[in-house]
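Contents: one structure, followed by commentary.
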Amino acid sequence: MATKGPPKKKIKKIKTTVEEINDVKQEILGTVIAQLKSIDGEATGSPLSLPANVTPEQLELLINQLLNNDEPLPYAFSVDDKEITNTLYNDIIQGLKKSTEDVLTIVYQPQAIFRVRAVTRCTSTLSGHTDAILSISFSPDGAQLATGSGDTTVRIWDLNTETPHFTCKGHANWVLYISWSPNGKILASGSMDKTVILWDPTTGRPLGDPLKGHTQWITCLAWEPQHLYGTIRIWDTTLRRVVMNMSQHTAAVTYIKWGGDGLLYSASRDKTIKVWNATQGTLIRTLEGHGHWVNTMALSTDFVLRTGAFDHTGRIPKDENEAQEWALARYKAVVGNKPERLVSGSDDFTMFFWEPSTSKKSIARLTGHQKLVNHVCFSPDGHLFASASFDNSVKLWDGFTGKFIASLRGHVGPVYQVCWSSDSRLLISASKDSTLKIWDLKTKQIKLDLPGHFDEIFSVDWSPSGEKVASGGKDRQLKIWRN
């Protein structure tokens, strides 16, 4: 007679669903007390008890509920300038060595509703210039593209057929800088021949004679912001004469900016930046601190001042009054309740971070680059800015505090210029090493490497719509890149 074996033990079923695993994680990791605050420092609601493993997606749902948003909006979240990309526990508790017993301040900031896709391929290589391309600029609505070259010409390109539309001749020396008026109806060019020429982009013809008055090369141009319209020498483009001559610098002026609050900023080889009243032409204050030439400046409102009434929706104002209203609304949305911020870069390897409308004292001195700082650029939303240096690197900085965030390394030659996508999520850099690189701001890593040029790339621009990138340099070729 067969004997029965020992009774079988009942095996307890293991939880395997994602929800059950998350429940177990939450029990193990516990909860944290957190206060949600806007980027402006305003508390939203009372402190909350949150799961330690809360994700950005869950925080996004929460903040949309707390703000009573009719349509859910995308947000980014950070603690002590460290972004939450995985979970609060992984990025903050472990990453910043915080305790679950600490009261955490989680800062939220809105992201662009639309998303720009990275350009991935060169769709056209456009020849025509017979010398290096020195300046590239899309029009504010992104419908037109202009280039300035060492061959003394300005070219306006047809972006539909990707062919030359007009070759604008009039300068007698290198065209160093081109700039569109915020309404896109006039293109200005500055040259080594010491003149400014205004062009009609619909015909390619000059609007009158060249504007004369400078005694040295013209390296930068700045238009009055659209929301300030009524229409460093200030030219009345209608009367074609100099309105003011601001001449208190003791060396060459290298860069100028026209702010949205009626102030002008001029950077110089005399190591200073001067702040001017644009209406009266009077000097308001001098910003000092740099130990060598000031090469470049950027304003936190640069993108919205450049694009005026035009945004990603493609809507077109019915007249100049409506355009001015839209431009003002866009400007106010970017500024919020803070003053415009300015960053300056120098041959002394440093940058200074300023609120020049309120004080001549800098907020921060920014160090880290090992060679001269060639270019700085704020993200369209003003939350970040990037710096390009001859030390082969790009660095990222907080747009409100100037705090260092990350170094972007990958170029093997000096970086000449950087430019942001209109949604502030991507950055492109142009280098002496003949490559463009697109950086993902979430991972702080190279997203795409874009070879194709045969020599140094001096200039790059990303269209305001985000669909195209244009680049040019020493090889005399204009390249159009699309996604």
Does Ser459 qualify as being more than 30 Å from Pro56 (Cβ to Cβ) and in contact with an Asp or Glu (Cβ under 9 Å, 6 or more places away or on another chain)?
-> no
Out of the residues in the range 31-68 that are crowded, with 18+ Cβ neighbours inside 10 Å and among the small types (Gly, Ala, Ser), state the one that is farthest from Val107 (Cα to Cα).
-> Ala52
Condition met for Gly382 (under 19 Å from the mean Cα position of the chain (by Cα) and either closer than 21 Å to Arg285 by Cβ or not assigned by TED's automatic domain parsing to the domain that holds Tyr255 (or both)) = no
Of all residues in the range 327-366 being among the aliphatic types (A, V, I, L, M), part of a helix (DSSP H, G or I) and surrounded by fewer than 17 Cβ atoms within 10 Å (Cβ to Cβ), the one that is modelled with the highest pLDDT | Ala329
Inspect the range 423-433 for any residue being among the hydrophobic types (A, V, I, L, M, F, W, C) and out of contact with any Leu (no Cβ under 7 Å at 6 or more places or on another chain) and give the result as yes or no.
-> no
With (1) farther than 14 Å from Ile480 by Cβ; (2) part of a loop (DSSP other than H, G, I, E, B); (3) in contact with a strand residue (DSSP E or B) (Cβ under 6 Å, 6 or more places away or on another chain) as the list, and Asp141 as the residue in question, which single condition is left unmet?
-> (3)
Per the list (1) among the aliphatic types (A, V, I, L, M); (2) at pLDDT 90 or above; (3) in contact with a Lys or Arg (Cβ under 6 Å, 6 or more places away or on another chain), residue check on Ile84 breaks on (3)
Do the conditions hold for Val394, that is, is it assigned to a strand (DSSP E or B) and more than 30 Å from Asn160 (Cβ to Cβ)?
-> yes
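Every residue, every condition in (1) in a loop (DSSP other than H, G, I, E, B); (2) on the phi > 0 side of the Ramachandran plot; (3) among the hydrophobic types (A, V, I, L, M, F, W, C), yes or no:
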position: Ala406; (1), (2), (3): no, no, yes
position: His411; (1), (2), (3): yes, no, no
position: Cys419; (1), (2), (3): no, no, yes
position: Ser424; (1), (2), (3): yes, yes, no
position: Ser429; (1), (2), (3): no, no, no
position: Ser434; (1), (2), (3): yes, yes, no
position: Ile438; (1), (2), (3): no, no, yes
position: Leu448; (1), (2), (3): no, no, yes
position: Gly452; (1), (2), (3): yes, yes, no
Quick check, is Leu159 buried (at least 19 other Cβ atoms within 10 Å of the Cβ), over 30 Å from Leu48 (Cα atoms) and modelled with pLDDT under 90?
-> yes
Picking from Thr105, Thr125, Thr167, Thr100, which residue would you name as being outside the structural domain of Ser465 (by TED's automatic domain parsing) and in a strand (DSSP E or B)?
-> Thr105
Taking the range 327-371 on its own, how many of its residues are touching a helix residue (DSSP H, G or I) at 6+ places or on another chain (Cβ under 7 Å) and within 10 Å of Gly402 (Cβ to Cβ)?
-> 0
Given (1) closer than 17 Å to Gly262 by Cα; (2) of a type in the set (S, T, N, Q); (3) outside any helix (DSSP H, G or I), index of the condition Gln324 fails = (3)
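The values are calculated or read from the model by the stated rules, or taken from the named source; none is laboratory data. Please read these numbers as outputs of a predicted model, since none were measured by experiment. Reconstructed Cβ throughout: ideal geometry from the backbone, glycine too, with neighbour counts over all protein chains shown.
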